[in-house]
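This report refers to the structure that appears directly beneath it.
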Amino acid sequence: MNFETKEKYNIDDLVEIVKILRSPDGCPWDKVQTHESVRQDFIEEVYEAAEAIDEKDTEHLREELGDVLFQVVFHCELESEKNNFNLDDVADEICKKMILRHPYVFSSVTADTTDEVLKNWDAIKMNSKSQKTPSEAMDSVSKTLPSLMRAEKLQSKAKRSGIDSKNTDSAFQSVSENLESLKAAIDSNDTEAYQKKIGELLFSTVRLARFIGVDCEKSLYNVCDEFTDNFRLFEKFVAQKGIDIQNSDVDTLNELWNEFTKKRKNLEENLK
């Protein structure tokens, strides 16, 4: 294998490493992979980079961005082998896209506020993708996004077309109405209806979150973390009472949970 080890590598070296891994004499695993087989790996690497951002951990972020970059180079190599495109083609396309979508930086268009920037961005994006209607712009929102995030993006596009709740009160009213509709569907044991009503309730909650300036996806992420921390403390709380949490009935655990939540602040230091 003709590869020079170095003290410090660059992007060109990464491209070469991927080519070697994919070569006939390369890695038995890497050389048989496809876009589809490593798709989930790509998603996981991006989420791990996002976690490093949340942790404000610079070294961790550098590592995870490297993993994301490897995925990008790997997918480019798969297409390069078919003579479709390579990493330079990808870089060329994104450079041209950024120049096109920032005319207030690279040309004579004026945009002094973030609202003006977003308005310009949407107009240019629709034009470049030959989108003539708001619904066509909505179709471009990836269906593989987390659903709360997708809902926020769809609603934002609808808002720019003038379709939105009037104010926070009307958004809150929509949540209340959807909650009542869900309760009615559950009471009538209409399985198909309450499957849909749950989605409508979540969608209206995303709208309310937008009106009060809350990132719904991030808010739920934080609550999940908080719930995990609370449950870890709850396990210790139950253990101190000599109770086996895995062999206790639901009623007992609910009573213990209620007791725990009432006393949590006072118990937290002792349970850590």
### Summary
Largest-first semi-axes in Å of the equivalent ellipsoid built from the Cα gyration tensor of the stretch 81-238 are 37, 23, 18
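To the nearest 500 deg cm²/dmol, what mean residue ellipticity at 222 nm is calculated for the chain from DSSP H runs of n ≥ 4 alone, each contributing -39,500 (n - 2.57), summed and divided by the residues?
It lands at -23500 deg cm²/dmol.
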### Task
With a probe of 1.4 Å, find how much accessible area the stretch 1-116 has per residue, and write the answer as a whole number in Å².
73 Å²
### Query
Tell me, what is the 1.4 Å probe accessible area of HIS102, in Å² to the nearest 10?
50 Å²
### Query
Taking +1 at the Cβ of each Lys and Arg and -1 at the Cβ of each Asp and Glu, which of VAL15, PHE70, VAL38 sits farthest along the dipole of the stretch 1-77 towards its positive end, judged by Cα position relative to the Cα centre?
VAL15
### Message
Whole-Hz ³J(HN,Hα) for each residue in the stretch 97-110, computed from phi via Karplus 6.51 cos²θ - 1.76 cosθ + 1.60 with θ = phi - 60°, x for glycine and proline: what do you get?
### Response
5, 5, 5, 5, 8, 10, x, 6, 9, 9, 9, 9, 5, 9
### Message
Need one number: the % of Cα-Cα pairs in the chain sitting beyond the 35 Å mark.
### Response
44 percent
### Task
Specify the angular offset, from 0 to 90 degrees and rounded to the nearest 10, of the alpha carbon long axis of helix 216-240 from the longest principal axis of the alpha carbons in the chain.
50 degrees
### Query
Magnitude of the Cβ-charge dipole of the chain, K/R +1 and D/E -1, about the Cα centre, nearest 20 debye?
1160 debye
### Query
Among all the lysines, which ones have a C-alpha under 24 Å from LYS263's C-alpha, if same-chain residues fewer than 8 places away are not counted?
LYS236, LYS241, LYS272
### Query
Once phi is turned into ³J(HN,Hα) by the Karplus curve 6.51 cos²θ - 1.76 cosθ + 1.60 with θ = phi - 60°, what whole-Hz value does each residue of the stretch 124-139 show in order, with x for glycine and proline?
5, 5, 4, 5, 5, 9, 6, 8, 9, 10, x, 5, 5, 5, 5, 4
## Note on the structure
Over the stretch 68-170, the quotient of the Cα radius of gyration and 2.2 N^0.38 Å is 1.35
#### Entry: For GLN33, residues with placed amide H under 5 Å, excluding near neighbours
none
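The values are calculated or read from the model by the stated rules, or taken from the named source; none is laboratory data. What you see is a predicted model; the values in this text were computed from it and never measured. Heads up, the Cβs are rebuilt from the backbone with ideal geometry, glycines too, and the neighbour counts pull from every protein chain shown. In case anyone asks, the SASA skips ligands and DNA or RNA and just uses the protein heavy atoms, side chains included. Shrake-Rupley method; radii C 1.70, N 1.55, O 1.52, S 1.80 Å.
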